[in-house]
Amino acid sequence: MSFTKNILKLVVASGILFLVVQYLRYWMVNKQYVFTKEDIANLAKQYAGQDHEQAFAKVVVELRKRYPGHILEDEDLQWVFVNAGGWMGSMCLLHASLTEYVLLFGTAVDTGGHSGRYWAEISDTIISGTFRQWKEGTTKSEMYYPGDTIVHAVGEATSVQWSAGTWMVEYGRGFIPSTLGFALADTIFGTQDFVTLFYTVNVYMKGMLLEANTFLTEAGVF
């Protein structure tokens, strides 16, 4: 009897999970998004080849003009280390919600590893440096330069490599919480840098709270 009950519980749990996944897929296909990857890429390309710090400052100013209430204020912006898939970089989160994020990303040293496989599409537009990508199922890699945009499709996995001094503007769309396991695993189980873990979770929550406040304000609740 206990075996039958366990099988029944497994079937029920699998059915519920299937329904949740289908609902999330339907919701993400039909919801209205704040950004598009084309808009973010076109904005970043305007400053490709410039000093990355000056370019990032201009990108942030322009994003605030175009998307008021959706970009974190200066006092909430923070460069945070990211250890994932064997590589190490740094990010500055500008916007975060359940289905979108915008951030500045890069590295001051040569680094590379596994891209991760996500339930989200991620696009990066290079400001400075070079980025090499080796796609799953191929035997050759491709090199990208300032002004190029690399799109990492949903469910895709690649080998990635950044040269020192590579900086980019990144936009992600999908079920963003699904990316956090990969993004935080090396920090939790590898470096055990729990200060960085706190910084990461803290800034993500700030982005979520800003987005919730903007949504409620636009809905007339506040």
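The values are calculated or read from the model by the stated rules, or taken from the named source; none is laboratory data. Everything numeric here is computed off the predicted structure, so don't read it as measured data. Note that each Cβ is placed from the backbone with ideal geometry, even for glycine, and that neighbours are counted across all protein chains shown. What goes into the accessible areas is simple: the full protein's heavy atoms, side chains included, and nothing from ligands, DNA or RNA. Shrake-Rupley method; radii C 1.70, N 1.55, O 1.52, S 1.80 Å.
Straight-line cross-link reach from LYS206 at under 30 Å between alpha-carbon atoms covers these lysines, not counting any fewer than eight positions away in the same chain: LYS31, LYS37, LYS45, LYS58, LYS65.
In the chain, the longest principal axis of the Cα atoms and the axis of helix 194-218 are about 90 degrees apart.
Between the entries (1) 19.5, 60; (2) 17.9, 58; (3) 19.0, 69, the label attached to Rg and Dmax of the Cα atoms in Å calculated for this structure is (3).
I'd like the carbon and sulfur percentage of the solvent accessible area for region 31-165, probe radius 1.4 Å, heavy atoms only, ligands and nucleic acids excluded.
Numbers: 3260 of 6280 Å².
Reported share for carbon and sulfur atoms: 52 percent.
Sparse packing (at most 11 other Cβ atoms within 10 Å of the Cβ) combined with a DSSP loop state is found for the following trypsin sites (Lys or Arg not before Pro) in region 115-222: LYS140.
Summary value for region 110-222: 29 percent relative contact order, contacts being C-alpha pairs under 8 angstrom separated by 6+ residues. Amide hydrogen proximity for THR158: with H placed 1.01 Å from N in the peptide plane, the residues at 5 or more positions away or on another chain lying under 5 Å are SER115, GLY116. Sequence-distant contacts, meaning Cα pairs under 8 Å at least 6 residues apart, place the relative contact order of the chain at 23 percent.
Using θ = phi - 60° in the Karplus curve 6.51 cos²θ - 1.76 cosθ + 1.60, the 3J(HN,Hα) couplings for region 84-97 round to 7, x, x, 9, 9, x, 9, 10, 10, 6, 9, 8, 8, 8 Hz; x is entered for Gly and Pro. For region 1-131, relative contact order (Cα pairs under 8 Å, six or more residues apart, normalised by length) works out to 23 percent.
Counting only protein heavy atoms and a 1.4 Å probe, region 5-69 has 70 square angstrom of accessible area per residue. Between PRO146, PRO68, PRO177, the GNM of the chain built on Cα springs shorter than 10 angstrom shows PRO68 fluctuating the most.
Counting Lys and Arg as +1 and Asp and Glu as -1, each charge on the Cβ, what is the dipole of region 15-126 about the Cα centre in debye, to the nearest 20? Please list the in-between numbers first.
Numbers: 9 positive and 13 negative charges, 99 e Å.
The dipole magnitude comes to about 480 debye.
In order along region 163-178, the phi-based Karplus estimate (6.51 cos²θ - 1.76 cosθ + 1.60, θ = phi - 60°) of 3J(HN,Hα) comes to 7, 4, x, 8, 9, 8, 9, 10, 10, x, 9, x, 8, 4, x, 5 Hz; Gly and Pro are listed as x.
Phi angles across region 103-119 convert, under the Karplus curve 6.51 cos²θ - 1.76 cosθ + 1.60 with θ = phi - 60°, into 3J(HN,Hα) values of 8, 9, 9, x, 8, 9, 9, 5, 7, x, x, 8, 6, x, 10, 10, 8 Hz, Gly and Pro given as x. For region 89-177, the solvent-accessible area of protein heavy atoms averages 38 Å² per residue (probe radius 1.4 Å; ligands and nucleic acids excluded).
Which loop-located GluC sites (Glu not before Pro) does region 47-124 contain, where loop means any DSSP state but H, G, I, E or B and the Cβ has at most 13 other Cβ atoms within 10 Å?
Details: sites: GLU53, GLU62, GLU73, GLU75, GLU100, GLU121; in loops: GLU73.
Loop-located and lightly packed - GLU73.
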